[in-house]
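Note sheet for the following structure.
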Amino acid sequence: DKVRQFVTPEGVDLSLEIASSSLRFVALLIDLLLMLVILVVTTIILGVTGLSSGEEGAGFASIVWLLGFFLLRNFWFVLFELGPRAATPGKRAVGIRVVARDGGRLTVPSVMARNLVREGEIFLPLSFMFQAMADDTIGKSLAIFGMMWTLGLGFFLLFNKDRMRLGDLIGGTWGGMAKRKRMAGDLAGTNVGTPPRAPVVTP
């Protein structure tokens, strides 16, 4: 049920094993954890630097932190998925990668589209909801609606057989299992025919 057949633009028939929703969820958690670690370390460094540099230094550190947080949240996934492995550290850890559904190369617009949709799926609704709840500016019913919105879009992949996020659907991508290439050591262990020996000529 998880294997899909597709043809590349060069006319090559290929098969792809679709990654399960549980693996994709674990990959996302790993990426978010790594992003959180980077954010905490950066916050500590900038906080110490800002406090030791006076008021102007603290203001500059705050600007750098906000810019770094924006870039980290929006380009962590994009930059890694545009790389040669087409996978973030979280995806690599569980053995999955991003694949174009037409069999071609991943393009910048498709990767940008699939990841910018995540803002509407998860980050923006949750950020708005938590901030509004902290300021006590929204009621419980609106908070519940925001949570349902996030869960509905975040778990969209559970309701289609190809386990596609809404971002995959818009970006034209799949989350597939990464096939490991056979190394020289593996090839050495296979039965490979040896060339015939030259005949021995006796006088």
THR88 passes all but one of the listed conditions (1) on the phi < 0 side of the Ramachandran plot; (2) at pLDDT below 90; (3) open to solvent by less than 40 Å² (accessible area, probe 1.4 Å); the exception is number (2)
Among (1) within 27 Å of GLN5 (Cα to Cα); (2) surrounded by 16 or more Cβ atoms within 10 Å (Cβ to Cβ) - the single one ALA61 does not satisfy
(1)
Could you pull out the residue among GLY59, GLY47, GLY68 that is assigned to a helix (DSSP H, G or I) and without any contact (Cβ under 8 Å) to a residue 12 or more places away in the chain?
GLY59
Against the condition open to solvent by 70 Å² or more (accessible area, probe 1.4 Å) and either under 15 Å from ARG165 (Cβ atoms) or outside any strand (DSSP E or B) (or both), how does VAL37 come out, does it pass?
yes
What are the pairs with Cβ atoms under 9 angstrom where one residue, in the range 165-192, is modelled with pLDDT under 85 and the other, located anywhere, is open to solvent by 60 Å² or more (accessible area, probe 1.4 Å) and assigned to a loop (DSSP other than H, G, I, E, B)? Sequence gap at least six, or different chains.
ALA178/ARG85; THR190/ARG182
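Looking only at the range 101-121, which residues are part of a helix (DSSP H, G or I) and under 16 Å from THR173 (Cα atoms)?
VAL108, PRO109, SER110, VAL111, MET112, ALA113, ARG114, ASN115, LEU116, VAL117, ARG118
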Per the list (1) part of a helix (DSSP H, G or I); (2) open to solvent by less than 50 Å² (accessible area, probe 1.4 Å); (3) under 21 Å from LEU166 (Cα atoms), residue check on VAL98 breaks on (1)
On the given criteria, is ARG92 touching a Ser or Thr at 6+ places or on another chain (Cβ under 7 Å), of a type in the set (D, E, K, R) and part of a helix (DSSP H, G or I)?
no
Subset of the range 20-49 that is out of contact with any Gly (no Cβ under 8 Å at 6 or more places or on another chain) and of a type in the set (Ser, Thr, Tyr) - its residue that is farthest from PHE123 (Cα to Cα):
SER20
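The values are calculated or read from the model by the stated rules, or taken from the named source; none is laboratory data. Remember, predicted model here, so these are calculated numbers, not experimental data. Note that we place each Cβ from the backbone using ideal geometry, even for glycine, and neighbour counts take in every protein chain shown. To get the accessible areas, we keep the full protein, side chains included, count just its heavy atoms, and leave off ligands, DNA and RNA. Shrake-Rupley method; radii C 1.70, N 1.55, O 1.52, S 1.80 Å.
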